[in-house]
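*Asks:* Below is a structure I'd like to ask you about.
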Amino acid sequence: MPGLKVSRRRFTPKSWISGSWISLSSKLATGTVIAIIVAVLLILLSGAVSYFWPRPIYEFWVERSGEAAVPVHGIIAGKENAADGSARLLIRSVTAAGDDPATPGTDRLPAADYVWLPETAVVQRSRPHHLTAMETRDGRWHWGYVVQLQVDGEILAYTGSLIDFSNQLLAADCAAQQHMINALRPARVADACSDAEFIDWRLLFEDAERRQVTVAGADILQLMQPNGAGLLDRIASFATHLVTFRSPNRYAPHHGQDIVAAIYGTVLMVLVMSLVVSPLGGLAAVYLHEYAGRGWLATVLRVAVNNLAGVPSIIYGVFGLGFFIHAVGGRFDQWFFADKLPVPTFGTGGLLWAAMTLALLTLPVVIVATEEALARIPRSLKEGGYALGATQSEAVRYLLWPLALPGLLTGMILAVARAAGEVAPLMLLGVVKQASSLPIDGNFPFLHLERKFMHLGYYLYDLAFRNTNLKEGLGLLFAVALLLVVVVLVLNLSAVFLRNRLYDRYRKLMS
Amino acid sequence: MSTEENARPDLQSDQTEPDQTPSDQTHQSDLLEAVPPAEEAAKVAIAADRLSLNYAGRPALDAVTLSIRHGLVTAFIGPSGCGKSSLLRCFNRLNDLNDECELSGTVTINGEDIYRPDVDVIDLRRRVGMVFQRPNPFPKSIFENVAFGPRLQGVKSMAALEDTVEWSLRGAALWDEVKGRLDRSALELSSGQQQRLVIARAIAVKPEILLLDEPCSSLDPISTLKVEELIHDLKSRYTIVIVTHNMQQAARVSDYTAFMNQGRLVEYDSTDVIFTNPKDKQTEDYITGRYG
């Protein structure tokens, strides 16, 4: 086509930057937003991965002033460069003269602690394959060598490799020794083994300073030789630890059950909140849109709703404490649980009141989103209903309400995202560090809304303050933070999925 | 240009024929008398008397008086904003939905004043069905769209509903096209089919009168033709009032035509007279395309 000019505009980095300033600045803004989101996720992800990834154990030979070199076993937790150019390593090890020195003659080793080693003092470092990490039930970590294995008092041949040993046992078809094999597998967590399977086995463990202790198999949580493990073994170890939410490297001040309980608490609270806020918000929106008209009352209501969205969440917490817990809950107790007083049942913080308060907190979002959806419904649709002899309530129920549902769900998505991450009001409303029982269990009536509960956001908050060694503790923080993001994402995606299914049905009408 | 010149001499020659003087001095009260005496005996379905309507203080109808014959098709024509749709909406009290709407005068249907305070508006709207400018099927299945009205009236039996749906869809000449997919969404239909579905929905509640508010304005010519044929078929069973800005359509489908302008009823007569021998200058101008 000779008459037609050929466009030279193609997508190149230059063409992307060129263009009007508004297009450029909007691109930059979008790019910044995406970069921030990606950065947040990457930081969380890398922190979480490093928390669950089995790290190598080192054997350092350390020379202290004038003395002969001594071995130190441990994990490198960090490195610091001093101003004068010298570097020092932060080691987690048992050699530190901690507050819990080994008592000769007993079967206890000192607890692991952090120690700084000047890099110049380390004359040699290596990663021996058979160097073993052991976590015991009392939460201590030890690094050293397994010297001897005993099963039922009998000493077994031991090559130094735990894998060899467990294969040896497997080959001998020792079904009864399953527990031991589990414990011996690199990175396998033996936590889940029941005591019934347990047979008497123990091992002789020797630490860097050649102190030997006999440890009973029942006391061992994890036994690993990460240095000798191949990549696949490491990945398997990572996956196992991810599932149990337990680090292969360090003692974590928590149990896997805590995380599970926190997930339960978070999800259940959000679900109860959704059950409360969706009908309330939806009906309020219908009232405002359909019945309230344009009078001063409606105006006041709208202004109030919009302003509620801006109230700090802690104020909702105070309101929930005063209104739900003390006023309503206290009354409940007097009426229905008088026999248990003075021990409060509903008159104290619990899942129900937390969910109700968060429902109030998220109500404005739901109302506004639903009202917008109602306003988008073509007028002709309602008139069509009236023309067939529908009353106002019939038109609302059969024609407007189904079409407002996607909008309601959009509001719910925003509400869920906000509620799942909210911590401040929950601290007044019954969230706890450690719940003795889940709010949902097998005992009648199965759902215990009056119970105190755990929450991922609060757990995160608590972890951050409990952790004095923040540097390594960050791993767990990131892992829990990532988990919270995942929980919110799953909740959100389910709402998005639901909404899109509804949208598909009505899309043609709305366009 | 040429068509206009061709059309004008015809109309002028028609006009000079009778002794009626084409002028704008026609008063609304005269219009009732203007109905040919031979048809005076025919039943009046809708009668409006000095009907005025204000939207938020702005007049939409100005003292409209007319009577619509039972069993015939009456068309309202006129330029946009002349109040023809507003007049139509007075007949099923759909204007009530607008708070800013003030109405004076009376409307009687079969001799009953429909604006009396004790009138059941719901029942009135059942008796006076309405079809809108743009097809407005409900976001439900084809079946549920047609069954919507009967269900509102409390029909629960599935067999009865199925009968009504089939009868209505046949009545709206849509049955053959949709009988295999009644459970599909009504939004999947073409707009012509949607408009016939809406007509089926309207006749499913067995109204006496059908108000059609520019039913073909958003349809293609073939769909328009189908709807016009449908109006022709429905004529035998319902009194039909149709608002249209398509004059050919008014000429094709209606028995009587009312020309409105600026909220006033300018001329109301049998369609033949309006289109061949209008008494009013405004009507003539509008019909010959000099206007609006």
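*Asks:* Which entries of B:K140/B:K235; B:K226/B:K279; A:K382/B:K43; B:K43/B:K84; B:K84/B:K140; B:K179/B:K226 show an alpha-carbon separation above 21 angstrom in the structure shown?
*Replies:* Where the Cα-Cα span goes over 21 Å, the pairs concerned are B:K140/B:K235; B:K226/B:K279; A:K382/B:K43; B:K43/B:K84; B:K84/B:K140.
*Asks:* Using the Cβ atoms and a cut-off under 11 Å, what net charge is assigned to the surroundings of B:K226, where Lys and Arg are +1 and Asp and Glu are -1?
*Replies:* With Lys, Arg at +1 and Asp, Glu at -1, the net is -4.
*Asks:* Also, quick follow-up: What accessible area per residue, rounded to a whole number of Å², is obtained for the stretch B:2-287 using a probe radius of 1.4 Å?
*Replies:* On the way: 12470 Å² over 286 residues.
Result: 44 Å² per residue.
*Asks:* With the calculation restricted to Cα positions, what are the radius of gyration and Dmax of the stretch B:229-283 in angstrom?
*Replies:* Rg, Dmax (Cα atoms, Å): 11.7, 35.
*Asks:* Moving on. Whenever you get a sec, compute what percent of the accessible area on the stretch A:252-318 sits on carbon and sulfur atoms (1.4 Å probe).
*Replies:* Roughly 74 percent, rounded to a whole number.
*Asks:* List the residues of the stretch B:93-135 that lose 40 Å² or more of accessible area once all protein chains are present, compared with their chain alone (1.4 Å probe, heavy atoms only, no ligands or nucleic acids).
*Replies:* B:L97, B:I122, B:R125, B:F132
*Asks:* In addition: Modelled label-to-label distance, B:D176 and A:H326, 7 Å Cα→beta-carbon offset: nm?
*Replies:* Inter-label distance under the simple model: 7.8 nm.
*Asks:* Starting with the highest mean, order B:68-76, B:102-110 by the number of other Cβ atoms within 10 Å, averaged over the residues of each peptide.
*Replies:* Per-residue Cβ counts within 10 Å, averaged per peptide and sorted highest first, yield B:68-76, B:102-110.
*Asks:* So what's the net charge close to B:E214: Lys and Arg +1, Asp and Glu -1, counting the other residues with Cβ under 10 Å from its Cβ? It would help to have the intermediate numbers written out before the result.
*Replies:* Values: positive: B:K84, B:R134; negative: B:D213.
Around B:E214, the charge tally is +1.
*Asks:* Quick one: which of A:424-435, A:202-213 comes out on top by average Cβ neighbours within 10 Å, and what's the full order, highest first?
*Replies:* A:424-435, A:202-213
*Asks:* Oh, and also: Count charges around A:T345 for me, please; just the other residues with Cβ under 9 Å from its Cβ, Lys/Arg as +1, Asp/Glu as -1. Mind dumping the intermediate values first?
*Replies:* Details: positive: A:K340; negative: A:D333, A:E450.
Combined, the nearby Lys, Arg, Asp and Glu give -1.
*Asks:* Continuing with the same structure: Tell me the total accessible area that A and B bury against each other, 1.4 angstrom probe, in square angstrom rounded to 100. Intermediate values should be presented prior to the final figure.
*Replies:* Numbers: alone 27230 and 13920 Å², together 39230 Å².
That pair hides around 1900 Å² of surface in total.
*Asks:* Find the centroid of the Cα atoms in the stretch A:337-387 and in the stretch A:444-468, then give the distance between the two in whole Å.
*Replies:* About 23 Å separates the Cα centre of the stretch A:337-387 from the one of the stretch A:444-468.
*Asks:* In nanometres, what is the gap between the two model label sites at A:I315 and A:L204, each 7 Å from Cα along Cα-to-Cβ?
*Replies:* Placing both labels 7 Å along Cα→Cβ, they lie 7.1 nm apart.
The values are calculated or read from the model by the stated rules, or taken from the named source; none is laboratory data. Keep in mind that what you see is a predicted model, and the values were worked out from it rather than measured. Ideal geometry is used to build each Cβ from the backbone, glycine not excepted, and the neighbour counts take in all protein chains shown. To get the accessible areas, we keep the full protein, side chains included, count just its heavy atoms, and leave off ligands, DNA and RNA. Shrake-Rupley method; radii C 1.70, N 1.55, O 1.52, S 1.80 Å.
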